[in-house]
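Student: My structure is below; once you've seen it, I'll send some questions.
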Amino acid sequence: MSPAGVYPPFVNGSMAQKVPKYYSQLAPFAPLFDAGLPILMYHKIGPRPFGARLKGLYLSASLFENQLKELSLAGYRTVPFSENLEQPQLNNRRIILTFDDGFLNVLEYALPLLQKYRFQAIQYVVADLIGKANAWDLKVGEKAEPLMSHEQIKEWLQSGNEIGSHSCTHPHLSRLSLRDAQEEISGSKKRLEDMFQISIAHFCFPYGDWNEPLRDIVREAGYSTAVTTEFGVNGPESNPLSLRRIMARYPSRSLKTFAEKLSF
C-alpha cells in the first residue's frame, strides 16, 4: 500500500515509481512523464475567495507560472490535443494542459501566462451554463465563480486554445438513466458546435464519474477523446476515451507531506 498522499502511478495499468498525489513541481514527476503522455488537470487560477470549501481546486497565478516556466525550461511543449494522440511516441517532452469547467479566472489569469510561455490548453465547458456560474458547486455550499461567456470563450479559441465538452449541466453521469446521460453527452456536443461553429471532439467526464456504458455513449456521440480523473500517464495502448490525468495543485504544507518529500 502506498504512503498517505502518494499514489503508485500507472502507465497502461502497470505500476511505476511512486510520486506525490498531486502535481506542484516537475522534479518528482520527471521519470513518470518520460514513461508516457502526461495530462495535467486544472480548475481555477487566481486568488482563492475567503470561505472556499474546495481549496485544492484553486491554484495561484504565481504557482501556475512557476509550473509553466519549469516545463518550458525542461523542453516540454504542447500541441493540439488530437495531434498528441495521433503521435503517441514516448519520451518526446509533450504534455497536455486541461482546465475543467470553463471558469472566467482561467481566461483572466492563466491565458496571459500560457501566451507568455507559448503553451496551449483545452478548456472543458459546461454547455448550458456558459456565462453563468458553477451551479453544481453551489448545491454543496461552495463559493460562486463566474464561468466564461460566449464572447470570452471565443477569445480563448482565438488565442490558439481548444474547448471540449464537460456535459450540459455537470451531473454525476452514472446516477442518470442512460437516456439522460446520452443527452448530457451528445446534447452538449451539438450545443457547443452550434454556438461556436467548430467541431467538438473532446469530452471530460464530470467528477471523473465514468463507466463502460458511459464510455460507449461518448464513442457513439462522435468524440475522439475523453479524460477521467484517474491518476497516471498515457501510453500508445491507452484507450483514448478513458485517458488518465494528474491533478495540479499547491503543495501540502502538512508535516506528514514534508516527511514524505524527504523520502524521495
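The values are calculated or read from the model by the stated rules, or taken from the named source; none is laboratory data. No experiment lies behind these values; they were computed from the predicted model shown. Cβ atoms come from the backbone with ideal geometry, glycine included; neighbour counts cover every protein chain shown.
Student: Inspect the stretch 116-123 for any residue being exposed (fewer than 15 other Cβ atoms within 10 Å of the Cβ) and within 25 Å of residue 39 (Cβ to Cβ) and give the result as yes or no. It would help to see each step written out before you state the result.
Tutor: Taking the stretch 116-123 first, the residues exposed (fewer than 15 other Cβ atoms within 10 Å of the Cβ) are 116, 118.
Checking which are within 25 Å of residue 39 (Cβ to Cβ) leaves us with 116, 118.
Looking for residues that are exposed (fewer than 15 other Cβ atoms within 10 Å of the Cβ) and within 25 Å of residue 39 (Cβ to Cβ), one finds at least one in the stretch 116-123, hence yes.
Student: Given the criterion among the hydroxyl-bearing types (Ser, Thr, Tyr) and within 24 Å of residue 114 (Cβ to Cβ), identify the matching residue among 238, 174, 165.
Tutor: Numbers: 238 fails: within 24 Å of residue 114 (Cβ to Cβ); 174 fails: within 24 Å of residue 114 (Cβ to Cβ).
Selected residue: 165, the only one of 238, 174, 165 that is among the hydroxyl-bearing types (Ser, Thr, Tyr) and within 24 Å of residue 114 (Cβ to Cβ).
Student: Right, something else. Kindly provide the set of residues from the stretch 137-158 that are modelled with pLDDT of 95 or more, more than 13 Å from residue 103 (Cα to Cα) and not polar (S, T, N, Q), ordered by number.
Tutor: Once the filter is applied, which keeps residues that are modelled with pLDDT of 95 or more, more than 13 Å from residue 103 (Cα to Cα) and not polar (S, T, N, Q), the stretch 137-158 yields 151, 154, 155, 157.
Student: Answer yes or no as to whether residue 191 is farther than 30 Å from residue 35 by Cα, touching a helix residue (DSSP H, G or I) at 6+ places or on another chain (Cβ under 6 Å), at pLDDT 95 or above and surrounded by fewer than 18 Cβ atoms within 10 Å (Cβ to Cβ).
Tutor: Values: farther than 30 Å from residue 35 by Cα: yes; touching a helix residue (DSSP H, G or I) at 6+ places or on another chain (Cβ under 6 Å): yes; at pLDDT 95 or above: yes; surrounded by fewer than 18 Cβ atoms within 10 Å (Cβ to Cβ): yes.
Yes; evaluated as a whole, the condition is true for this residue.
Student: Follow-up question, since we're still on this one. Could you check how many residues of the stretch 223-240 are surrounded by fewer than 21 Cβ atoms within 10 Å (Cβ to Cβ), more than 13 Å from residue 38 (Cβ to Cβ) and more than 13 Å from the chain's Cα centre (by Cα)?
Tutor: 5
Student: How many residues are at positive phi and among the polar types (S, T, N, Q) when one looks only at the stretch 90-136?
Tutor: Just the residues of the stretch 90-136 that are at positive phi, to begin with: 91, 93, 101-102, 118, 131.
Keeping just the survivors that are among the polar types (S, T, N, Q) gives 91.
Number satisfying all stated conditions: 1.
Student: Applying the selection to the stretch 138-188, what residues are in a loop (DSSP other than H, G, I, E, B) and of a type in the set (A, V, I, L, M, F, W, C)?
Tutor: We begin by selecting, within the stretch 138-188, every residue in a loop (DSSP other than H, G, I, E, B); these are 139-145, 148-149, 159-161, 166-172, 176-177.
Within the stretch 138-188, 140, 144, 148, 168, 176 qualify.
Student: Taking the stretch 67-94, which residues are in a loop (DSSP other than H, G, I, E, B), at pLDDT 95 or above and surrounded by 14 or more Cβ atoms within 10 Å (Cβ to Cβ)? I'd like the intermediate steps shown before the answer.
Tutor: Taking the stretch 67-94 first, the residues in a loop (DSSP other than H, G, I, E, B) are 74-76, 78-80, 87-93.
Filter again for at pLDDT 95 or above, leaving 74-76.
Matches in the stretch 67-94: 76 only.
Student: Could I ask something else about it? Could you list, in sequence order, all residues of the stretch 192-235 that are of a type in the set (A, V, I, L, M) and assigned to a helix (DSSP H, G or I)? Talk me through it step by step, then tell me what you get.
Tutor: From the stretch 192-235, those of a type in the set (A, V, I, L, M) are 192, 195, 198, 200-201, 214, 217-218, 221, 226-227, 233; that's our starting set.
Result: 192, 195, 214, 217, 218, 221.
Student: Ok, one more. Test of understanding: among 190, 143, which residue is within 30 Å of residue 112 (Cβ to Cβ) and basic (Lys, Arg)? Steps first, answer last, please.
Tutor: Working: 190 fails: within 30 Å of residue 112 (Cβ to Cβ).
None of the other options fit; the residue is 143.
Student: I need the full set of residues from the stretch 30-66 which are hydrophobic (A, V, I, L, M, F, W, C), in a loop (DSSP other than H, G, I, E, B) and touching a helix residue (DSSP H, G or I) at 6+ places or on another chain (Cβ under 9 Å), in order please.
Tutor: Initially, the stretch 30-66 is screened for residues hydrophobic (A, V, I, L, M, F, W, C), giving 30, 32-33, 35, 37, 39-41, 45, 50, 52, 54, 57, 59, 61, 63-64.
Okay, now just the ones that are also in a loop (DSSP other than H, G, I, E, B), so 35, 50, 52, 54.
The one that is hydrophobic (A, V, I, L, M, F, W, C), in a loop (DSSP other than H, G, I, E, B) and touching a helix residue (DSSP H, G or I) at 6+ places or on another chain (Cβ under 9 Å): 54.
Student: Does the stretch 132-155 hold any residues that are out of contact with any helix residue (DSSP H, G or I) (no Cβ under 6 Å at 6 or more places or on another chain) and over 23 Å from residue 50 (Cα atoms), and which are they?
Tutor: Once the filter is applied, which keeps residues that are out of contact with any helix residue (DSSP H, G or I) (no Cβ under 6 Å at 6 or more places or on another chain) and over 23 Å from residue 50 (Cα atoms), the stretch 132-155 yields 149, 150, 151, 153, 154, 155.
Student: Mind checking which pairs have a first residue in the stretch 20-47 that is among the charged types (D, E, K, R) and a second that is in a loop (DSSP other than H, G, I, E, B) and crowded, with 19+ Cβ neighbours inside 10 Å, Cβ under 8 Å, 6 or more apart or different chains?
Tutor: 44/145
Student: Let me ask something else about it. If you take the residues of the stretch 124-137 that are surrounded by 15 or more Cβ atoms within 10 Å (Cβ to Cβ) and assigned to a loop (DSSP other than H, G, I, E, B), which of them is nearest to the chain's Cα centre (by Cα)?
Tutor: Among those that are surrounded by 15 or more Cβ atoms within 10 Å (Cβ to Cβ) and assigned to a loop (DSSP other than H, G, I, E, B), it is 126.
Student: Taking the stretch 238-264 as the search range and keeping residues that are among the basic types (Lys, Arg) and at pLDDT 90 or above, which one is farthest from residue 25 (Cα to Cα)? Show your work before the answer.
Tutor: Step one: filter the stretch 238-264 for residues among the basic types (Lys, Arg), giving 244-245, 249, 253, 256, 261.
If we keep only those that are at pLDDT 90 or above too, we end up with 244-245, 249.
On the way: 244: 18, 245: 15, 249: 10 Å.
Across the stretch 238-264, the extreme among qualifying residues is 244.
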